[in-house]
Amino acid sequence: MTERALTASPQVLPCGTAWPDDAVEVARVLDAWGVRGGIKVLPFSPDPQALFCTKKWFVLPAEKPTGVRKPGAAPAEAAGKALPKLSEPRLLRVKNAKEQGDAVVATLEGCEDRNAAEALKGARIFVSRSAFPTPDDDEFYWIDLIGLNVVNREGVALGTVTDLLDTGPHCVLRCAFTGDEGQSAERLIPFVGAYIDKVSLADRQILVDWGLDY
């Protein structure tokens, strides 16, 4: 279940609502959807349940300008059609959300036309981790695995999980460690039952069947 790392954010939004301490980045706004203020969202997880578990989406402005202008097309500003882009953190209250192909489309309170929806293009969507659905016993959110220490059956420390890679068939742990000469190095361990013995979130540890020379 792919979610992004926590991001430092304001304690209180302009609307007076507190930004959650456990906010997790789960998606980004791709574009407007329809003409009545709907938005199209790209979730980071192929199973976007985090977007459906709450009606409160917290958003931050895009990190970089979004969109590519078609050759020969004039910028919106030059055409007198500049739109007010999202410039501060906001709380979006979701009326309806549903999957549409690889994306999620949603309608929002107070977002009644296409111009308002286009102003959200590129916005980063966060959800409180406490609102996530409870995963099955053999499932884990990526965000919960980052920072765990990886140890093999012999008790040898293999590193700390910094990220995961989605290869399609399965995920791979990216484990950072310090090499023999003091240099930073990385170890990749498939996150599959054949190599993962136990994940203990309480102990902040993953026990694996993996050698130092693999």
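The values are calculated or read from the model by the stated rules, or taken from the named source; none is laboratory data. Predicted model only: the values in this text are computed from it and were never measured. Don't worry about glycine lacking a Cβ; one is built from the backbone with ideal geometry, like all the others, and counts go over all protein chains shown.
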Checklist entry - Does Ala202 satisfy the condition of being in a loop (DSSP other than H, G, I, E, B) and touching a residue at least 12 places away in the same chain (Cβ under 8 Å)? => result no
Next on the checklist: Out of Thr107, Thr66, Thr2, Thr7, I need the residue that is at pLDDT 95 or above and of a type in the set (Ser, Thr, Tyr). Which one?
Outcome noted: Thr107
Checklist entry - Quick one: how many residues across the stretch 24-54 are charged (D, E, K, R) and at pLDDT below 95? => result 3
Item to check | Output for the stretch 138-161, where each listed residue is under 25 Å from Leu51 (Cβ atoms) and assigned to a strand (DSSP E or B) | outcome: Val161
Checklist entry - Can you name every residue in the stretch 109-159 that is of a type in the set (S, T, N, Q), buried (at least 17 other Cβ atoms within 10 Å of the Cβ) and under 23 Å from the mean Cα position of the chain (by Cα)? => result Ser128
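Scan the stretch 18-55 for residues that are in a loop (DSSP other than H, G, I, E, B) and of a type in the set (S, T, N, Q) and jot them down.
Of all residues in the stretch 18-55, those in a loop (DSSP other than H, G, I, E, B) come to 19-22, 34-37, 44-48, 53-55.
The answer is Ser45, Thr54.
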Item to check | Of all residues in the stretch 173-197 being of a type in the set (D, E, K, R) and surrounded by fewer than 10 Cβ atoms within 10 Å (Cβ to Cβ), the one that is nearest to Tyr214 (Cα to Cα) | outcome: Asp180
Next on the checklist: Anything in the stretch 155-176 that is in contact with a strand residue (DSSP E or B) (Cβ under 9 Å, 6 or more places away or on another chain) and touching a residue at least 40 places away in the same chain (Cβ under 8 Å)? List them, or say none.
Outcome noted: Leu158, Val161, Leu164, Asp166
Checklist entry - Which strands (runs of 3 or more DSSP E) sit wholly inside the stretch 82-128 and have at least 2 residues that are among the acidic types (Asp, Glu)? => result none
Next on the checklist: Given the criterion of a type in the set (Asp, Glu) and closer than 20 Å to Pro20 by Cα, identify the matching residue among Asp144, Asp166.
Outcome noted: Asp144
